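Note sheet for the following structure.
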Amino acid sequence: MTNYKEITAEILAIGDELLYGQIIDTNSHWISQELDKIGVRVVRRTTVGDNRDSIMAAFEDAEKRADIILMTGGLGPTNDDLTKPLLAEYFNCSIELVPEALEAVRTFFEKRGRELTELNRLQAHLPTKCTYVPNEVGTAPGMWFEENGKVWMSMPGVPHEMKKLMNDFVIPKIKSLYPLPIIYHKVIKTVGIGESWLADVIKDWEKNLPEHIKLAYLPSLGQVRLRLTAFGDDYDELQADVETVIDQVKPLIDKYIYGYNHESLEESIGRLLKQANKKVALAESCSGGYISHLITSIPGSSKYFQGTLVPYHNQFKNEILDVEAEILKNHGAVSEETIIQMAENIRTMFGADYGLASSGVAGPDGGWKEKPVGTVWIACAYEGKTVSKKLQLTQDRMLNIQLTAVAALNLLRLCILGKTE
């Protein structure tokens, strides 16, 4: 697997509006994905404002780090658009009119019934060291440079213009210049174990990974993704190698694996319920219907989702869900006794195979010494058995709701698989 050279890229997004938060930089994210597909490794993504010194410093740093520098933004005809003049300064060349570019700009405006102004004519003036790259859907041309063994491409910040240039010119050009590797990714999705605990469990496996396979830990709310990235020149071999190392780690963490690549936890739950021909119903208090929202966001969920109740107040836990008044009085809504009855009763009321319930103190107010903010109980009732779990979460209300949903869905998953012990 050595018939390739690792090629690196840096992406520069230019514009004050990005730093002010007025526009979200979706361009860099998209470009990174497209480069990954062809085997180019992005080593840095930089956002820089409309400032000469900052942009020039970014050019210098990018040239030191990467083989390919891709820029977006700063190509308008007004004085605050600095990319073009600064590229000319950086490469020590002048800016001159490119007749072909002028004709393209004139045609662009004529087709739209608009007059070509002197300001818009400036779009056709380009650094003499660049290769003019036509922009068929806008007025700012692309500019391609090859200097000092590095390649540079400047593109408009308008997403559809940038994507057109990338697809039609940049990607094919890069592929023609470099013997690129194949980069193969597979993501193992885990839930119910923290990043540091997971790393400790699999540390020996990680240490013995083949040299051409790299591991990255990608934690999120209540979950950790393990991304395996293999580099080589044969797709089938890389895929087989990654499957081999996954087979080696599965016995260590099988209980925590719920899916691979883009499958969400709620999609995994739906798949398991459909395979088992089972149905679920929910009683949500502190999560306020959020778990049901996740479940029903999956197409086809009507095949396994019976419905939900959100009895937020104790009165309705008693009157609608039949939680015993004595239990609510003696133990409170946030208790194991209450959550067990909620799960069991919703299962019966809705004729479901699984009853899933949540009750807790979401916050930021409402907690007390025995049950502080973040105290949550979840339970799953099925086949004459009820499994309950106490969670101690955070001081943040929305975070507590989201973490409760992940924990409850994972409890349901484990009950379906018979792995609650």
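Any read-out appearing in this document is the output of simple, stated calculations on the displayed coordinates, not a laboratory observation. Computed from a prediction, not measured in an experiment: that's the story for all the values here. Ideal geometry is used to build each Cβ from the backbone, glycine not excepted, and the neighbour counts take in all protein chains shown.
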Practice task
Would you mind telling me which residue in GLY332, GLY270, GLY355 has the biggest mean-square fluctuation in a Gaussian network model of the chain, where springs connect alpha carbons within a distance under 10 angstrom?
Solution key: GLY332
Handout entry: Given charges at Cβ of Lys, Arg, Asp, Glu: the range 1-42 dipole, positive-most of TYR20, SER32, TYR4
Key = TYR4
Practice task
List, in order, the whole-Hz ³J(HN,Hα) value for each residue of the range 302-310 obtained from phi through the Karplus relation with A = 6.51, B = -1.76, C = 1.60 and θ = phi - 60°; use x for Gly and Pro.
Solution key: 5, 6, 10, 9, 7, x, 8, 10, 10
Handout entry: Kirkwood-based shape ratio for the chain, expressed as Rg/Rh from alpha carbons
Key = 1.11
Practice task
Please work out the C-alpha center-to-center distance from the range 385-418 to the range 96-174 and express it in whole Å.
Solution key: 53 Å
Problem - DSSP loop chymotrypsin sites (Phe, Trp or Tyr not before Pro) with at most 13 other Cβ within 10 Å: longest gap in the chain - result: 21-367
Exercise for the section: Kindly write out, for the range 148-156 in residue order, the coupling ³J(HN,Hα) from the Karplus curve 6.51 cos²θ - 1.76 cosθ + 1.60 (θ = phi - 60°), rounded to whole Hz, with x marking Gly and Pro. Expected result: 6, x, 10, 10, 10, 9, 9, 10, x
Handout entry: Inter-centroid distance (Cα atoms) of the range 61-86 relative to the range 308-373, Å
Key = 58 Å
Completion exercise
Dipole check, the chain, charges on Cβ (K,R +1; D,E -1), about Cα centroid: among LEU356, LEU198, ILE182 the Cα furthest to the positive pole belongs to LEU356
Problem - Beta bridge orientation in the range 12-157: antiparallel %, DSSP, nearest 5 - result: 50 percent
Completion exercise
Which of LYS175/LYS214; LYS5/LYS203; LYS37/LYS419; LYS189/LYS390 exceed 27 Å between C-alpha atoms? The answer is LYS5/LYS203; LYS37/LYS419
Problem - Sequence-distant residues sharing a close amide H with GLY157 (under 5 Å, placed H) - result: GLY73, GLY74, LEU75
Fill in the blank from the handout: Per its Cα gyration tensor (rounded if a/c is under 1.5, else prolate when a/b beats b/c, else oblate), the range 363-421 is best filed as prolate
Problem - Antiparallel DSSP beta bridges within the chain, percent to nearest 5 - result: 65 percent
Handout entry: Separation in nanometres of the label points that stand 7 Å from Cα toward Cβ, at THR348 and LEU399
Key = 3.9 nm
Handout entry: Proximal aspartates and glutamates to LYS329, defined as alpha-carbon separation beneath 13 angstrom and excluding residues fewer than eight positions away on the same chain
Key = GLU337
Exercise for the section: Pull up all non-local amide H partners of ALA283: gap of 5 or more, or a different chain, and H-to-H distance under 5 Å with H placed in the peptide plane. Expected result: LEU309, LEU356, ALA357, SER358
Problem - For the range 40-47, 3J(HN,Hα) per residue [Karplus equation, 6.51 cos²θ - 1.76 cosθ + 1.60, θ = phi - 60°, Hz, x = Gly/Pro] - result: 9, 9, 7, 9, 7, 10, 10, 10
